[in-house]
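One structure is given here, and the rest of the page talks about it.
The values are calculated or read from the model by the stated rules, or taken from the named source; none is laboratory data. Quick caveat: nothing in here was measured; it's all calculated off a predicted structure. Here the Cβ positions follow ideal geometry from the backbone for every residue, glycine too, while neighbour counts run over all protein chains shown. For accessibility, only protein heavy atoms count, side chains too; no ligands or nucleic acids. Shrake-Rupley method; radii C 1.70, N 1.55, O 1.52, S 1.80 Å.
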Amino acid sequence: MQGVLGPESQQDSPLWLTGGLLALALHGGLAVWWMWTPPPVAADDAPPAAIMIEIADTAQAVQTQQNNITTEKVDAQASQAQNKEEAQSDGAAAPAQAQPQPSLKDPEKPLPVVEKTVMTQSAARASKSKKDEQRKAQQKRQHQQKQQQEQQREQAASAQSVQAQVQAQQALRNAARQTVASNALSPQQRATWMSKVMAHLEKRKRYPQAAQDRGQQGVATVEFTLDGQGNVQTVALRKGVGFSALDNEVLSLLRRASPVPAPPDGEPKRLTAQIQFFPRS
């Protein structure tokens with residue numbers, strides 16, 4: 001070794017050896033210090049400390065710095081982390097508390113649609129029933145008023161008929177004193193002439209529709225006087241049908257049919273005739 005190295009190399013060898021030993025001791029001391037650094041002590045009720053890791057885009061040299069972490073700093077970090085979690089918990093609970101709590105008292109429930117429908121139908125039936133009752137009551141009043149009016153008309157017609165009968169009877173009494181006995185006609189002539197008179201009256205007779213609708217019918221006996229030309233002078237109802245409409249028609253018929261066929265001998269006559277009112281079959 002000495003034969004190979006020169007004199008200058010032999011002089012520098014102790015220096016290189018010393019420098020290598022110093023560098024090795026320095027690196028060893030750093031490694032021992034790094035390994036014996038005490039870990040941070042966390043509080044008993046503190047949550048685990050947050051760890052942030054940054055990943056560089058490109059490779060960088062790791063710089064080692066002295067990490068002087070004290071107990072006060074660890075407590076401050078743990079308190080901040082706890083405050084952050086409580087704030088997050090309060091923020092999550094706030095929407096839940098904002099929601100209204102259901103009331104223990106049952107609110108008034110709206111009526112079901114079926115009950116509303118039933119109530120509406122019941123009200124409609126009640127309204128319809130009330131309207132029907134009002135309509136029936138009105139019809140009843142109208143019917144009663146109509147009957148009263150008919151009774152009043154019949155009473156007035158009966159009064160007129162009685163008055164006409166009184167006047168006719170008086171006229172007959174006066175005419176009886178002036179008439180000539182009808183014995184001048186033979187029975188055959190009288191029968192022929194009477195048939196002509198009855199046919200004349202029957203042709204002009206009117207059966208009141210109101211009486212037909214009510215089923216009123218019967219036979220009336222009427223007495224009347226004629227002059228020599230067949231003109232009706234007086235009329236008297238000897239026996240009425242019993243219905244004012246038919247009795248009035250008998251009196252009107254004799255006045256309406258005048259003149260009737262004249263007597264054959266041209267003399268005034270007093271006749272009695274029967275006027276029938278029956279429905280035609």
Inset, instruction - Identify, from the list Glu133, Glu154, the residue that is modelled with pLDDT of 80 or more, open to solvent by less than 90 Å² (accessible area, probe 1.4 Å) and either part of a helix (DSSP H, G or I) or in contact with a Ser or Thr (Cβ under 7 Å, 6 or more places away or on another chain) (or both). - result: Glu154
Inset, instruction - Say whether the condition of being at pLDDT 90 or above, more than 20 Å from Pro268 (Cβ to Cβ) and of a type outside the set (Phe, Trp, Tyr) is met by at least one residue in segment 191-199. - result: yes
Inset, instruction - Looking for whichever is at pLDDT 90 or above, open to solvent by less than 50 Å² (accessible area, probe 1.4 Å), farther than 17 Å from Gln276 by Cα and of a type in the set (S, T, N, Q) here; the options are Thr221, Thr234. Which one fits? - result: Thr234
Legend entry - Unmet requirement for Pro279, which otherwise passes all of (1) open to solvent by 80 Å² or more (accessible area, probe 1.4 Å); (2) closer than 29 Å to Gln152 by Cβ; (3) in a helix (DSSP H, G or I): (3)
Legend entry - The one condition in (1) surrounded by 19 or more Cβ atoms within 10 Å (Cβ to Cβ); (2) under 59 Å from the mean Cα position of the chain (by Cα); (3) of a type outside the set (Gly, Ala, Ser) that Leu254 fails to fulfil: (2)
Inset, instruction - Answer yes or no: is there a residue in segment 188-210 that is of a type in the set (Lys, Arg), buried (at least 16 other Cβ atoms within 10 Å of the Cβ) and more than 26 Å from Glu150 (Cβ to Cβ). - result: yes
